[in-house]
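Step one of this worksheet: look at the structure below.
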Amino acid sequence: MLIDSSGRKLTYLRISVTDRCNLRCTYCMPEEGIKLLDHTGILSYSQIVDFTKTAVSFGITKVRLTGGEPLVRKEISTLIREIANIEGITDLSLTTNGQLLAPMAQELKDAGLHRVNISLDTIDKERYMNITRGGNIERVFEGISQAKKVGLSPIKINCVVEQNSSEADAAAVAGFAKREGLSVRFIRMMDLKKGEFGIVDGGDGGNCAICNRLRLTATGILKPCLFNDLGFDIKELGAETAIRLAVQNKPAKGGCNSSGNFYNIGG
Ligand code: SF4
């Protein structure tokens with residue numbers, strides 16, 4: 001069992017499988033895009049699976065795949081299948097922007113994925129295109145209906161808000177989700193460098209007092225906290241030592257993260 005120095009039980013591992021994304025959301029990525037990580041610097045699927053096996057042997061039971069956009073990484077279903085086969089995992093989920101979900105939903109389900117969170121900050125086609133710098137909202141709607149059809153459940157909507165859920169877009173997303181029988185989590189815009197974040201409305205993210213998370217970046221850095229610069233390189237230290245150090249050094253609460261970016265930590 002992983003218990004940190006604040007007495008929190010750590011059971012949740014978020015794994016960023018890529019820094020790449022097929023969208024350019026204004027609050028996440030610069031317009032010109034980012035300098036992409038070299039493929040050799042990204043963890044291979046077998047490195048991710050080996051690490052996850054060790055983490056599960058320490059008490060991790062919940063795994064979420066993130067990015068960038070995890071569905072842009074080739075053969076992501078292969079990784080899902082291997083993680084789903086690790087005994088001890090009770091919850092295997094993925095966060096996606098939904099652009100590739102419709103054509104992939106069945107294979108993700110067949111590979112062993114349990115559920116998905118889908119990013120949707122507005123239901124207005126024009127505004128969606130502006131926020132995502134070119135995304136097609138119809139694909140998200142198709143992805144949601146396909147995910148329902150194949151039995152990925154529950155389906156949750158991640159809706160980023162400036163301040164709170166009473167904003168016009170957020171209220172419209174809430175109405176849409178209600179009609180579709182989906183739950184929504186409202187995520188206040190965060191600033192890693194300024195250390196600005198809030199508790200997720202409708203979820204438990206951002207609630208430091210009960211934080212149960214560790215994060216593995218696409219390059220193999222194990223981070224005890226999103227809003228902190230600390231990170232332990234699993235390739236250098238090995239999985240066990242990296243996990244021990246991350247747990248021992250997990251801060252009681254988040255501060256700021258001067259080096260990180262959401263697209264390679266996975267939020
Ligand atoms: S800021 Fe750090 S400690 Fe707080 S909820 Fe986020 S990851 Fe957990």
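The values are calculated or read from the model by the stated rules, or taken from the named source; none is laboratory data. The model shown is predicted, which means the values in this text are computed figures rather than measured ones. Note that we place each Cβ from the backbone using ideal geometry, even for glycine, and neighbour counts take in every protein chain shown. We work out accessible area using only protein heavy atoms, side chains counted, and drop any ligands, DNA or RNA first. Shrake-Rupley method; radii C 1.70, N 1.55, O 1.52, S 1.80 Å.
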Selection from segment 21-46 of residues that are touching a residue at least 60 places away in the same chain (Cβ under 8 Å) and either of a type in the set (A, V, I, L, M) or in contact with a Gly (Cβ under 7 Å, 6 or more places away or on another chain) (or both): C21, L23, R24, M29, I34, L37, I42, L43
Consider only pairs whose beta carbons are under 9 Å apart and that are at least six residues apart or on different chains; among these, list those whose first residue lies in segment 204-221 and is without any contact (Cβ under 8 Å) to a residue 60 or more places away in the chain and within 21 Å of E240 (Cα to Cα) and whose second residue is near the ligand (Cβ under 8 Å from one of its atoms) and open to solvent by less than 40 Å² (accessible area, probe 1.4 Å). I221/R215
Considering only residues of segment 46-87 that are closer than 20 Å to G238 by Cβ and small (G, A, S), which is most open to solvent (accessible area, probe 1.4 Å)? S57
List pairs: first residue in segment 156-168 and closer than 17 Å to R179 by Cα, second residue among the charged types (D, E, K, R) and at pLDDT 95 or above anywhere in the structure, Cβ distance under 8 angstrom, at least six positions apart or on different chains. K156/R115; K156/R185; I157/R185; N158/R185; C159/D121; C159/D169; C159/R185
